[in-house]
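Below is one structure, written out as structure tokens; comments come after it.
The values are calculated or read from the model by the stated rules, or taken from the named source; none is laboratory data. Just so it is clear, the structure is predicted and the values come from calculations on it, not from any experiment. Heads up, the Cβs are rebuilt from the backbone with ideal geometry, glycines too, and the neighbour counts pull from every protein chain shown. Quick note on the areas: whole protein, heavy atoms, side chains included, nothing else; ligands and nucleic acids left out. Shrake-Rupley method; radii C 1.70, N 1.55, O 1.52, S 1.80 Å.
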Amino acid sequence: MSDLSLRTANPEDLDAILAFWKEAAEGTSISDDRDGMERLMARDPECLILAERDGRLAGTVIAGFDGWRCHLYRLAVHPEERRRGVATALLSAAEERFVRLGGRRGDAMVLDANERAHHAWRAAGYERESHWSRWVKHLSR
């Protein structure tokens with residue numbers, strides 16, 4: 001894993017990230033567009049962490065902190081990079097960021113059917129909270 005490097009994304013990375021998520025992420029989101037990503041990065045420029053190996057994007061995580069809670073989104077690892085420490089490195093960087101900002105607890109949204117992700121989150125020390133449900137209202141179409 002020594003050849004893996006982590007860095008904060010910049011606006012020039014957005015098109016590559018959006019293309020990467022189509023290949024590496026589990027499903028798509030209403031927010032997976034350039035406008036949404038630009039708004040995210042304008043509000044919190046250090047929230048999107050990239051992992052690269054040999055100059056290629058190996059993984060991503062959004063480590064968003066709203067001043068109250070620490071939220072993890074879009075932990076995605078390229079299929080060829082899985083089980084090589086990429087997710088572990090990304091989550092460590094996200095957690096370090098949260099602690100530095102004063103965060104107390106990280107949470108992640110994980111699809112119920114994504115069993116592979118369940119194992120990864122569990123291995124990283126996260127626990128499923130069955131007493132919570134996500135309630136959603138789409139504000140735009």
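Details
- Considering region 1-21, and only residues there that are of a type in the set (A, V, I, L, M, F, W, C) and over 16 Å from the mean Cα position of the chain (by Cα), the residue that is least open to solvent (accessible area, probe 1.4 Å) turns out to be Leu4.
- Residue in region 84-115 that is nearest to Glu26 (Cα to Cα), counting only those that are among the charged types (D, E, K, R) and surrounded by 15 or more Cβ atoms within 10 Å (Cβ to Cβ): Arg84
- Test result for Ala123, out of contact with any His (no Cβ under 7 Å at 6 or more places or on another chain), open to solvent by 50 Å² or more (accessible area, probe 1.4 Å) and hydrophobic (A, V, I, L, M, F, W, C): yes
- Annotation note: of Val86, Val110, the sole residue that is within 12 Å of the chain's Cα centre (by Cα), of a type in the set (A, V, I, L, M) and modelled with pLDDT under 90 is Val110.
So that you can scan it fast, the table gives a plain yes or no per residue for (1) touching a Lys or Arg at 6+ places or on another chain (Cβ under 6 Å); (2) free of Cβ contacts under 8 Å to residues at least 40 places away in the same chain; (3) assigned to a loop (DSSP other than H, G, I, E, B):
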residue: Leu90; (1), (2), (3): no, no, no
residue: Ala93; (1), (2), (3): no, no, no
residue: Glu96; (1), (2), (3): no, yes, no
residue: Asp112; (1), (2), (3): no, yes, yes
residue: Gly125; (1), (2), (3): no, yes, yes
residue: Trp135; (1), (2), (3): no, yes, yes
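- Residue count, region 22-51 (criterion: surrounded by 17 or more Cβ atoms within 10 Å (Cβ to Cβ) and of a type outside the set (A, V, I, L, M)): 1
- Matching residues, region 65-83, being in contact with a Lys or Arg (Cβ under 9 Å, 6 or more places away or on another chain) and crowded, with 17+ Cβ neighbours inside 10 Å: Phe65, Cys70, Val77, His78, Glu81
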